[in-house]
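Just below is one structure, and these are the notes that go with it.
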Amino acid sequence: PTKSPSKEQDTFPLNDIDSEATWMSSRHGLSIQILGGFNYHANYYKVRELISQIRKYLIKYNPAWIIITLSSYSYGDRYIAPHSVLTDMNIGSTTKTVGTQWRRAHPKHRLNNDRDLFQELIDGFTTINIKVIAYMAGEGPAMLRNGEEKAFDYDNSSPYVDSCELCPKLLNTSSPFCRCAPSVQQWKQYVLKKYNDDNDATLQRAFAEVIVAEYAKRYKETLAGFFFDQELYMDKKQVYDVVRAHIPHAVMAFNQPQRLPLTQYNYPYEDCTFGMLSDPTNSLPSSCENYSAIKAIEETSFPRGYFSVNGKHSLAHINVPTRSNWNDDQIAWNNEKAAEWFSRVLRANGAWTWNVKLGRGREFSLIDREDLRFLVIVYEGLKVGYVESQDCL
């Protein structure tokens, strides 16, 4: 039989739910990834085009939030907003405004002013009543997870940074040497000078107090929360305390290596689950491996839709890509299964985020057309309910 997508209730008082994510319950949102730093995509990103597209095609389906990469996805060395330390110290690590001659663009050029693309996006989504949540890679500028070799300026990878010139100076060697990331070494030297140490614990402290704190303070009036990736490479308590000091009611989530079964892994710091399920590069997000997350949400009770640990509640939230490899490959979902799982999570008072791919060519600021068509089909499915599939039983 067809089941209604309407919200299921229990008798637990809303005011007694210890979570800042209650406003997300039975609602859905989007997620996009914009490459941080000085690059064509971020420097020329057209916020108005994205807002106009969502207003025209998706706003009638009431998406409540959008998660946007303040840092690059999975990389902590690049950001889409200026930073008082990083921008001038690590050339090319933050976004700039540039003229029409991209070939002449350079982050040190006097005509290239700082661009706070993240603030522009907050402002744009405010006009259509969608809250913005910041995604940040927890490894920070020290690249504690990926390693120095993956930094944007390692071994002359950046056209704006001469590693062969800077590395010998930073590493105090007279031998010719290019195989370092000046951005990582300069950040470590900054931390050493500020804290008298540059071990991992100190680098994690600096990420919280220097990087996260500045952005939390800047966006405190308009930002709805933070989703932190790479939980193992950051100090959750320090980050939690810094964010709470500036944004008391921020929604916070942390991504940890174990994702299934879906439950509250980051007590007492998370307000909702980060929601990533199995690695989409190994199995499709619609695979039966992930069906357990749907059932886990449906089995929650008192309060419905939340995982509880010692009185702390974490909203059951799923965060999955439309595609089989985040922003690449093909749409990974059967339309009927997507509508069914989506409806069931919302009906059980959970929350759902669709990570969508951005377009290519002249449409790089827009949601990809194929993703847009898929979203409309799935959203329309919410109106008519769903038929429970037997595929994963």
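Count, please, the residues in the stretch 182-205 that happen to be of a type in the set (Ser, Thr, Tyr) and closer than 12 Å to LEU86 by Cβ.
Initially, the stretch 182-205 is screened for residues of a type in the set (Ser, Thr, Tyr), giving 183, 190, 195, 202.
From what's left, closer than 12 Å to LEU86 by Cβ: 183, 190.
Final tally of qualifying residues: 2.
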query: Taking into account only those residues within the stretch 147-186 that are touching a residue at least 60 places away in the same chain (Cβ under 8 Å) and part of a helix (DSSP H, G or I), which is surrounded by the most Cβ atoms within 10 Å (Cβ to Cβ)?
result: SER183
- prompt: Of ILE318, ILE331, which residue is over 22 Å from SER72 (Cβ atoms), β-branched (Val, Ile, Thr), modelled with pLDDT of 95 or more and in contact with a strand residue (DSSP E or B) (Cβ under 8 Å, 6 or more places away or on another chain)?
  reply: ILE318
task: Determine whether the stretch 251-264 contains at least one residue that is of a type in the set (Gly, Ala, Ser), crowded, with 19+ Cβ neighbours inside 10 Å, farther than 23 Å from CYS392 by Cα and in contact with a Phe, Trp or Tyr (Cβ under 6 Å, 6 or more places away or on another chain).
output: yes
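State all residues of the stretch 69-127 that are in a helix (DSSP H, G or I), aromatic (Phe, Trp, Tyr) and at pLDDT 95 or above; if no residue qualifies, say none.
Narrowing the stretch 69-127 to residues in a helix (DSSP H, G or I): 86-89, 102-104, 117-126.
So of that shortlist, the ones also aromatic (Phe, Trp, Tyr) come out as 102, 118, 125.
Answer for the stretch 69-127, where residues must be in a helix (DSSP H, G or I), aromatic (Phe, Trp, Tyr) and at pLDDT 95 or above: PHE118, PHE125.
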message: Only one of ARG55, ARG78 is closer than 27 Å to VAL376 by Cβ and more than 13 Å from the chain's Cα centre (by Cα). Can you tell me which?
response: ARG55
task: Could you please let me know if PHE38 is at pLDDT below 95, at negative phi and surrounded by 21 or more Cβ atoms within 10 Å (Cβ to Cβ)?
output: yes
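With respect to SER314, is the statement that it is open to solvent by 40 Å² or more (accessible area, probe 1.4 Å), farther than 23 Å from ASP371 by Cβ and among the polar types (S, T, N, Q) true?
Numbers: open to solvent by 40 Å² or more (accessible area, probe 1.4 Å): no; farther than 23 Å from ASP371 by Cβ: yes; among the polar types (S, T, N, Q): yes.
Judged against the criteria, SER314 is not a match.
Please tell me if TYR240 is part of a loop (DSSP other than H, G, I, E, B) and either without any contact (Cβ under 8 Å) to a residue 40 or more places away in the chain or open to solvent by 10 Å² or more (accessible area, probe 1.4 Å) (or both).
Details: part of a loop (DSSP other than H, G, I, E, B): no; either without any contact (Cβ under 8 Å) to a residue 40 or more places away in the chain or open to solvent by 10 Å² or more (accessible area, probe 1.4 Å) (or both): yes.
Here the answer is no, as TYR240 does not meet what is asked.
The values are calculated or read from the model by the stated rules, or taken from the named source; none is laboratory data. Predicted model, so just to flag it, every value in this text is computed and none were measured. For neighbour counting, all protein chains shown are included, and Cβ atoms are generated from backbone atoms with ideal geometry for every residue, glycine included. When the accessible area is computed, the model is the full protein with side chains, heavy atoms only, and any ligands, DNA or RNA have been set aside. Shrake-Rupley method; radii C 1.70, N 1.55, O 1.52, S 1.80 Å.
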